[in-house]
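Please read the structure below before turning to the comments.
The values are calculated or read from the model by the stated rules, or taken from the named source; none is laboratory data. All of these numbers come straight from a predicted model, not from anything done at the bench. Quick reminder, even Gly has a Cβ in these numbers, built from the backbone with ideal geometry, and neighbours come from all protein chains shown. Keep in mind that these areas ignore ligands, DNA and RNA; they rest on the heavy atoms of the full protein, side chains included. Shrake-Rupley method; radii C 1.70, N 1.55, O 1.52, S 1.80 Å.
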Amino acid sequence: MSEALGLGKVRWGLLLAVTALVLAGAGIYAVGAYQRFEESRSAASTVGVTAAQPLPSVPFVLFRNTASGQGYGHAATVPLSAPAGTRSVSERECDRVYGTKESSVCLKTNRGLVTAFEASLLNRDWEPQSSWPIKGIPSRTRISPDGSMIATTVFVTGHSYATAGFSTATEITQSGGTPENLEDYALLVNGQRLVATDRNIWGVTFVPGQKDAFYATAASSGRIWLVRGSISAKTLTAVHDNVECPSISPDGTRIAFKKNDGGALAAHWKVAVLDLATGQETVLSEKRSVDDQIEWLDNQNLLYGLADEAVEGDSNIWQLGTNPGSQPAMFIAHAWSPSVIR
């Protein structure tokens, strides 16, 4: 018996020693990786940058800078007339950013012993005017043209729309108000209220010139709808099928969106445009899968982000015309989350 106990202690001792070595190795690797990451962020930027300036005179493009070196992950701007030119990089780190000529909204991850997520409303000088916690990993954000309403979408479960079983939380925050979760709105499909508990809402776009109205995506029981929202009535009314991450055109007549033609297990999102008056869909020529909420450059051209296949953590913003034969072209390299401000 004593011999067996002795062997057991030896085995436990060896197990503890191996575990300690593995943990130490993991810790050393993590520290080294963090140091390498910090060194890369302090290196000279690989693109032309200037120090932080207030939001420029319109028109300009606001985006997340993904060029390696100083300013990686920070909100930045370029003149709309020179998207490939020198970028003004702010001191604000953002996972997602969107703005108007007077303010911008920044969604970010605060990493530490406990990771937390935050939304901030920034003024023209990049100073926070208000901040509030969000419930998960930043995914989408929009701000109404007059800056009075902010929409945020986060992943509560999962980290991608291609992940089975993902769950989102989408809120609209009015100036000085408490965030409203859109899952508390009545979802109306074919005139009937849908009360299923598996509802998901994401990707808000505010209707220009109509302060009470917005569009979003709603999903339940494997079905997906474009819904028109009313803030005053607290309703979401289904108006079209299979529209994800809608973005309304500046003239308010069309919706750009991503359309899955790859099935639930192997999502592949095409870029498409919906005419709101006729209900006609036009699928565009981009062959790559676009998992983004599209931005309108103007009434005839779209912008969207795609991960850079050659560099981990980098991405590029592409331009695509709304004519079916248009081909994608690079708009801003090393960038993500575009917002066109006029």
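Suppose we filter the stretch 174-209 for residues that are among the hydroxyl-bearing types (Ser, Thr, Tyr), surrounded by 12 or more Cβ atoms within 10 Å (Cβ to Cβ) and over 17 Å from the mean Cα position of the chain (by Cα); how many remain? Adding up the residues that qualify gives 2.
Output the residues belonging to the stretch 221-238 that are touching a residue at least 24 places away in the same chain (Cβ under 8 Å) and in contact with a strand residue (DSSP E or B) (Cβ under 6 Å, 6 or more places away or on another chain). Of everything in the stretch 221-238, those that are touching a residue at least 24 places away in the same chain (Cβ under 8 Å) and in contact with a strand residue (DSSP E or B) (Cβ under 6 Å, 6 or more places away or on another chain) turn out to be Trp225, Leu226, Val227, Gly229, Thr235, Leu236, Thr237, Ala238.
For the stretch 97-136, the tally of residues that are touching a Phe, Trp or Tyr at 6+ places or on another chain (Cβ under 6 Å) and among the acidic types (Asp, Glu) stands at 0. Just one of the listed residues (Ala277, Ala256, Ala272, Ala238) is in a loop (DSSP other than H, G, I, E, B) and either open to solvent by 60 Å² or more (accessible area, probe 1.4 Å) or modelled with pLDDT of 95 or more (or both), and it is Ala277.
The residue pairs whose first member lies in the stretch 64-87 and is surrounded by fewer than 22 Cβ atoms within 10 Å (Cβ to Cβ), whose second member is among the acidic types (Asp, Glu) and not in a loop (DSSP other than H, G, I, E, B), and whose beta carbons are closer than 8 Å, counting only pairs six or more residues apart or on different chains, are Gly73/Glu93. Selection of first residues in the stretch 96-119 that are farther than 21 Å from Pro56 by Cα and open to solvent by 20 Å² or more (accessible area, probe 1.4 Å) and of second residues that are among the hydroxyl-bearing types (Ser, Thr, Tyr) and assigned to a strand (DSSP E or B), restricted to Cβ pairs under 9 Å at least 6 apart or on distinct chains, gives the following pairs, ordered by first then second residue: Lys108/Ser120; Thr115/Thr109; Ala116/Thr109; Phe117/Thr109; Glu118/Thr109; Glu118/Ser131. Gln280 meets the conditions (1) without any contact (Cβ under 8 Å) to a residue 24 or more places away in the chain; (2) closer than 26 Å to Lys108 by Cα in every case but one. The failed one is (2).
Do we have any residue at all in the stretch 72-88 that's part of a loop (DSSP other than H, G, I, E, B), at pLDDT 95 or above, among the basic types (Lys, Arg) and over 13 Å from the mean Cα position of the chain (by Cα)? Scanning the stretch 72-88, I find no residue that is part of a loop (DSSP other than H, G, I, E, B), at pLDDT 95 or above, among the basic types (Lys, Arg) and over 13 Å from the mean Cα position of the chain (by Cα), so the answer is no.
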